[in-house]
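Asker: Okay, handing you the structure first.
The values are calculated or read from the model by the stated rules, or taken from the named source; none is laboratory data. Keep in mind that what you see is a predicted model, and the values were worked out from it rather than measured. Note that each Cβ is placed from the backbone with ideal geometry, even for glycine, and that neighbours are counted across all protein chains shown.
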Amino acid sequence: MKEFNGRVAAITGAGSGIGRALARELADRGCHLALSDVDPDGLAETVARCEGAGVKVTSRMVDVADRAAVFAWADQAAEEHGRINLIFNNAGVAVVATVEAHSFADFEWLMSINFWGVVHGTKAFLPHLRASGEGHVVNMSSVFGLISVPSQAAYNSAKFAVRGFTDALRMELEIEGAPVSATTIHPGGIKTNIVRNARIDEGSGALGDASNVRATFDRVALTSPEKAARQILAAVANDRRRALIGPDAKVIDLLARLPGGLYQRALVRGARQGTRSLKNR
């Protein structure tokens, strides 16, 4: 899919961050939009920002963890727009906690959105993408789908799973010669609210309290959502299997190619030093 003008894109998590930036960038390129989120105010603001671009914009409150709701939205969006060419499975949440401290409820909540939400969106929209004759599935993994980090066991689990799921889908579509392709997105630190809205266990090792976790993320998030959206769309236009978003993602991809013990020992040393620094405050 080299051009987005006149196409129809569905986006989950469109109420803020990368989802909103994708919606605005696509609207500017003449792409019609079917948007969803669980935040009614954020979703309404995204719709308002896109409507002046001369494209058709529809929206619906959808919890991607709810399979029936996602399938109903996919059918409704296809009916309203006549077709769907792209699905961006972007909705995501974060939990910061050690494995021992991680509650089953929080683990299941994260997986229901970050992994099952991607599966639901892919399977709900795939028949519509096929019917359009020209489709693309865009699934949001993370640099934490390339390497594992302490305090992110649930997030790592979901993002590695998205990577494996989408890689398999891409190969299956190629074997078949389908008119649909798939791309896995691995963003680095993007200036969004995902950590600000995260569920954070206050005793998560060297990370300290919630304010320290959020301040650290704000320092290391290097890429704006708008720049991330442009890079994601470039990856789709070039039919890339995987896309590394942001300069830090490229560095982390290199780390992921090293023997696991090398980068993991470095992370352990850094975490221990962080723990000592917090204790000495």
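Asker: If only one of Ala178, Ala182 is at pLDDT 75 or above and surrounded by fewer than 17 Cβ atoms within 10 Å (Cβ to Cβ), which one is it?
Answerer: On the way: Ala182 fails: surrounded by fewer than 17 Cβ atoms within 10 Å (Cβ to Cβ).
Exactly one residue qualifies, and that residue is Ala178.
Asker: Evaluate region 26-41: report whether one residue or more is surrounded by 15 or more Cβ atoms within 10 Å (Cβ to Cβ), out of contact with any Lys or Arg (no Cβ under 6 Å at 6 or more places or on another chain), assigned to a helix (DSSP H, G or I) and touching a residue at least 40 places away in the same chain (Cβ under 8 Å).
Answerer: yes
Asker: Among the numbered criteria (1) under 12 Å from Asp37 (Cα atoms); (2) crowded, with 24+ Cβ neighbours inside 10 Å, which single criterion is violated by Ala77?
Answerer: (1)
Asker: Take Ile87 and tell me if it is part of a helix (DSSP H, G or I) and under 15 Å from the mean Cα position of the chain (by Cα). Explain how you work it out, then say what you get.
Answerer: Details: part of a helix (DSSP H, G or I): no; under 15 Å from the mean Cα position of the chain (by Cα): yes.
No, not satisfied.
Asker: Have a look at Val55, Val64 and point out the one that is in contact with a strand residue (DSSP E or B) (Cβ under 8 Å, 6 or more places away or on another chain), surrounded by 16 or more Cβ atoms within 10 Å (Cβ to Cβ), in contact (Cβ under 8 Å) with a residue 40 or more places away in the chain and not in a helix (DSSP H, G or I).
Answerer: Working: Val55 fails: in contact (Cβ under 8 Å) with a residue 40 or more places away in the chain.
Sole residue among the options that is in contact with a strand residue (DSSP E or B) (Cβ under 8 Å, 6 or more places away or on another chain), surrounded by 16 or more Cβ atoms within 10 Å (Cβ to Cβ), in contact (Cβ under 8 Å) with a residue 40 or more places away in the chain and not in a helix (DSSP H, G or I): Val64.
Asker: Filter region 1-20 down to the residues that are hydrophobic (A, V, I, L, M, F, W, C), surrounded by fewer than 24 Cβ atoms within 10 Å (Cβ to Cβ) and over 18 Å from Ala77 (Cα atoms) and list them by number.
Answerer: Filtering region 1-20 down to residues hydrophobic (A, V, I, L, M, F, W, C) leaves 1, 4, 8-11, 14, 18.
Applying the additional criterion that residues be surrounded by fewer than 24 Cβ atoms within 10 Å (Cβ to Cβ) yields 1, 4.
Passing the criteria: only Met1.
Asker: Further question on the same structure: Which condition number does Leu233 fail, the rest of (1) at pLDDT below 75; (2) touching a Lys or Arg at 6+ places or on another chain (Cβ under 8 Å) being met?
Answerer: (1)
For (1) part of a helix (DSSP H, G or I); (2) aromatic (Phe, Trp, Tyr); (3) without any contact (Cβ under 8 Å) to a residue 12 or more places away in the chain; (4) out of contact with any strand residue (DSSP E or B) (no Cβ under 7 Å at 6 or more places or on another chain), each residue gets a yes or a no:
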position	(1), (2), (3), (4)
Phe107	yes, yes, no, yes
Ser112	yes, no, no, yes
Gly117	yes, no, no, no
His128	yes, no, no, yes
Val138	no, no, no, no
Ala154	yes, no, no, no
